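I have placed the structure first, in the form of structure tokens, so that the comments after it can refer back to it.
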Amino acid sequence: MLMLINDDTCFVCGQHNPEGLHLEFRYAPDGSKAETTFMPAIKYQGWQGIVHGGIIITLLDETMAKAAVRKGFSVLTGEITAKFKNPAKVMEPLRCEAEIEQVKKKIVYARGTVYTHHGTVVAEATSKMVIIIL
């Protein structure tokens, strides 16, 4: 049996991971939405001055998973599909938000968006997260 254990060393949100992003999340009162803000340092760039796409996907994946966990589901991402709309610049804050769209059988469906601090959409994603029964 697979057990999902939070030892606070997640690369994205773990406060005990010295190499992690240490992101903190906020939630809608009903728990269906999650949001975080990230200030990408230069070490997260791909092309000069542009945040690496893998970091953008990481933000989306974690924020969608946080929305699912907040609703009481233990999940692992099974599929994520993203569309990049605009580049994000390093050293400019990004806001990522996600919400649960539906839950069917053992799958949580979520949608997430990353925005610049001006409100421009950087990327959008959907995910299918598998519910792990503990």
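Computed from backbone phi, the HN-Hα couplings of segment 32-38 come to 7, 10, 10, 8, 8, 10, 9 Hz, rounded to whole numbers (Karplus: 6.51 cos²θ - 1.76 cosθ + 1.60, θ = phi - 60°; Gly and Pro given as x).
Compute, for segment 56-134, the length of the dipole vector about the Cα centre, with Cβ point charges of +1 (Lys, Arg) and -1 (Asp, Glu) only. Units Debye, rounded to 20.
The dipole of segment 56-134 has a size of about 240 debye.
With a Förster radius of 22 Å, plug the Cβ-Cβ distance of V130 and Y27 into 1/(1 + (r/R0)^6) and report the FRET value to the nearest 0.05. Mind showing how you got there, number by number?
Working: r = 22 Å, r/R0 = 0.99.
Efficiency, rounded to the nearest 0.05: 0.50.
For the pair I5 and N17 in one chain, pulling the backbone fully straight at 0.36 nm per residue adds 2.8 nm over the alpha carbon distance.
With the cut-off at under 13 Å, measuring from each backbone N in segment 88-129 to a point 7 Å along the Cα-to-Cβ line of E79 picks out 107-110, 126-129. The angle between the Cα long axis of helix 53-70 and the main principal axis of the chain comes to about 30°, on a 0 to 90 degree scale.
Per residue, the average separation of C-alpha pairs within less than 8 Å and at least 6 apart gives the chain a relative contact order of 24 percent. Other residues lying with their Cβ under 9 Å from the Cβ of C96 contribute a combined charge of -2, Lys and Arg counting +1, Asp and Glu -1. Kirkwood hydrodynamic radius, segment 51-93, all distinct C-alpha pairs: what's the number in Å? Every distinct Cα pair counted, the radius reaches 11.8 Å. Working note: Debye formula, equal point scatterers on the alpha-carbon atoms of the chain, no solvent; log10 I(q)/I(0) at q = 0.13, 0.16 Å⁻¹ is -0.52, -0.79.
In what order do K104, K33 fall by count of nearby beta-carbon atoms within 10 Å, going from fewest to most? Display every interim value, and only then the final one.
Numbers: K104 8, K33 20.
If I rank by nearby Cβ atoms, fewest first, I get K104, K33.
Label separation (T116 vs E101): 2.6 nm, computed from points 7 Å beyond Cα along the C-beta direction.
Laboratory data are not the source of any read-out in this text; all were calculated from the coordinates shown. Just so it is clear, the model here is predicted, and its values are computed rather than measured. Counting neighbours? That spans all protein chains shown, and the Cβs are built from the backbone with ideal geometry, glycine included.
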